[in-house]
1. Starting from the Cα-Cα distance between Thr164 and Leu82, subtract it from 0.36 nm times their residue separation and give me the gain in nm to one decimal.
2. If I model a spin label as a point 7 Å beyond the Cα along the Cα-Cβ vector, how far apart are those points for Val71 and Gln177 in nm?
Amino acid sequence: MQSIWRVASTPSRECMTGQETQFESASPSRRDYRCDINCARTTFDVARRCARRPLPVDLRGFTLIEVLVTVLIISIIVTAALVVLSSARHTANQTACAARLRHVGIGVTSYAIDHYGSLPKQYRKSPPAFDSFWMRSPDGDLVNLGLITSYVGVPQAFYCVTQTAATSPRIAYNTAQNPWNVKNALSAFTPALNSSFTVRPGNGARWSVNNHNNKVIYTDFIGVRHFSDSARFPGGLQAPHALKGANRLVGDGSVQWVESEQVHKVHPILNVVATDKLVKDYYKLLDVLP
Ligand SMILES: [Zn+2]
């Protein structure tokens, strides 16, 4: 009975000295250490000692260093993924645009066959004004690429995929400022029907496909044009495809990509009005750049 009373109310020697509480168990020879909340003088020390005992791995939280390293690794992975996605999107747009321009090339070739080797008649006013994007003149006549609408059939083919209503409402496909429908394209007068592709400056009339087998005849390079008499295309001289480059349609029907950097080295791509001479110089450059 005396032994039982000691276990219930009287701490052992270890408890009194600030160590763990030793309880006498049913087997006096076995030391039974436990975290004891009944020992008033040792509760703090014992609790602290208990707190220091390592928890099983699956019950521990993460240290600050572990969290920071994890966040750093995740951010690196996300950044790399975004770069890859951006590059993939650019390549996809480049390819899709080239396919459209190649489609235009088929229409141009077909037109030339039906018109004694002549490319679609250009529309232009006195230099330096250049309406190279117009598919229909203010008089209602089809001009430039507008002349091949019946050969192409797919209106989206006249538009670079990177030109959207949000960024280029006047030269993107079927926007409020550049609405497309059969009526606009083929019969009714409309002051606004513009392609994303600009035509090479020529003599304003007839030009032969045979003389342009190795020359660029259309491109989505925005900067080489005036939009109309006095209106300038917003952004001035610049290239589509996030300024990375442009697609070129050569007279033989092939489509080639050119890096903006290559153009910029010779003719700086600036936000200025494209003069007649500058437009021609750009096209000469597009002829020879790789
Ligand atoms: Zn394009």
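Readers should treat all values here as calculations from the given coordinates under stated rules, not as data from a laboratory. Computed from a prediction, not measured in an experiment: that's the story for all the values here. Here Cβ is always computed from backbone atoms with ideal geometry, including for glycine, and neighbour counts include all displayed protein chains.
1. Numbers: separation 82, 0.36 × 82 = 29.52 nm, distance 2.19 nm.
Net length gain for the segment: 27.3 nm.
2. About 4.3 nm, to one decimal.
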